[in-house]
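J.: Before I ask anything, here is the structure I am working with.
The values are calculated or read from the model by the stated rules, or taken from the named source; none is laboratory data. Treat the numbers as computed from the prediction; the structure is a model and nothing was measured. Heads up, the Cβs are rebuilt from the backbone with ideal geometry, glycines too, and the neighbour counts pull from every protein chain shown. Quick note on the areas: whole protein, heavy atoms, side chains included, nothing else; ligands and nucleic acids left out. Shrake-Rupley method; radii C 1.70, N 1.55, O 1.52, S 1.80 Å.
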Amino acid sequence: MTTAHVFIATSLDGFIARADGDIDWLLQRDDPTEDHGYHAFIADKDMIVMGRGCYEKVLTFDSWGYALPVLVLSRQLAGTPVPAALQGKVRFADRTPKAAMDELALQVVQRVYLDGGQLVQSFLRAGLVSDMVVSTMPVLIGAGRPLFGALADDVSLQLVSNRAFASGLVQSTYRIAP
């Protein structure tokens with residue numbers, strides 16, 4: 001069975017990016033002296049599944065930062081060629097969260113890292129998220145792209161751990177309750 005796991009940062013008012021996708025507020029507050037656990041988190045994952053918005057944001061960085069294979073779920077990108085520099089690293093697909101997870105299970109992918117706000121929301125609505133590590137940055141940005149969106153039903157969470165860092169970042173790990 002393939003399981004989906006989230007590791008994401010948000011402003012205190014619940015946004016993962018400004019309305020235009022900018023994450024300057026996050027990058028300016030990243031303290032390289034603090035270990036927020038990303039490397040430990042990603043160490044047991046087999047693949048990264050991200051949405052188009054996240055993928056397009058990552059393309060603006062100086063370099064491709066992922067060693068794991070990446071599946072980008074996007075109606076717009078499905079059927080388009082992957083850039084030459086990312087051949088063998090990225091693939092595009094137009095799949096529902098459940099169809100993507102079923103396909104990955106057939107490929108013997110066991111644990112995936114989900115990245116991107118709308119993608120995380122769609123996997124939550126489908127009941128496919130196992131756990132989430134949410135790092136809350138000590139900043140209010142007032143408006144932007146929310147981490148969580150509308151849900152048909154409540155999603156109950158069990159707090160696994162809570163950790164505060166000297167920078168003011170607070171990291172909470174939740175397991176999705178059955």
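J.: Going through V170, V109 one at a time, which residue ends up being under 18 Å from the mean Cα position of the chain (by Cα), modelled with pLDDT of 95 or more and within 26 Å of L71 (Cβ to Cβ)?
T.: V109 is the lone residue from the list that is under 18 Å from the mean Cα position of the chain (by Cα), modelled with pLDDT of 95 or more and within 26 Å of L71 (Cβ to Cβ).
J.: Please identify the pairs in which a residue from region 22-46 that is in contact (Cβ under 8 Å) with a residue 12 or more places away in the chain has its Cβ atom under 6 Å from the Cβ atom of a residue that is open to solvent by 50 Å² or more (accessible area, probe 1.4 Å) and in a loop (DSSP other than H, G, I, E, B), counting only partners at least 6 apart or on another chain.
T.: D46/Q110
J.: While we're here: Take the residues in region 22-48 that are part of a loop (DSSP other than H, G, I, E, B) and not charged (D, E, K, R), then tell me which one is surrounded by the fewest Cβ atoms within 10 Å (Cβ to Cβ).
T.: By that ranking, first place goes to P32.
J.: Taking the conditions exactly as written (in contact with a helix residue (DSSP H, G or I) (Cβ under 6 Å, 6 or more places away or on another chain) and open to solvent by less than 80 Å² (accessible area, probe 1.4 Å)), does G168 satisfy them or not?
T.: no
J.: Further, regarding this structure: Looking only at region 49-66, which residues are farther than 15 Å from R95 by Cβ and either part of a loop (DSSP other than H, G, I, E, B) or of a type outside the set (K, R) (or both)?
T.: Within region 49-66, G53, C54, E56, V58, L59, T60, F61, D62, S63, W64, G65, Y66 qualify.
J.: A follow-up question, please. Looking at the structure I just gave you, is L71 at pLDDT 95 or above and either under 16 Å from the mean Cα position of the chain (by Cα) or surrounded by 19 or more Cβ atoms within 10 Å (Cβ to Cβ) (or both)?
T.: yes
J.: Tell me which residues, restricted to region 77-122, are part of a helix (DSSP H, G or I) and surrounded by 14 or more Cβ atoms within 10 Å (Cβ to Cβ).
T.: Residues satisfying the conditions are L86, P97, A100, M101, E103, L104, G117, Q118, L119, V120, Q121, S122.
J.: While we're on this one: Could you give me the residue pairs with C-beta distances under 8 Å whose first residue belongs to region 70-81 and is under 26 Å from I42 (Cα atoms), whose second residue is in a loop (DSSP other than H, G, I, E, B) wherever it lies, and which are 6+ apart or on separate chains?
T.: V70/K89; L73/D94; L73/R95; S74/D94; A78/D94
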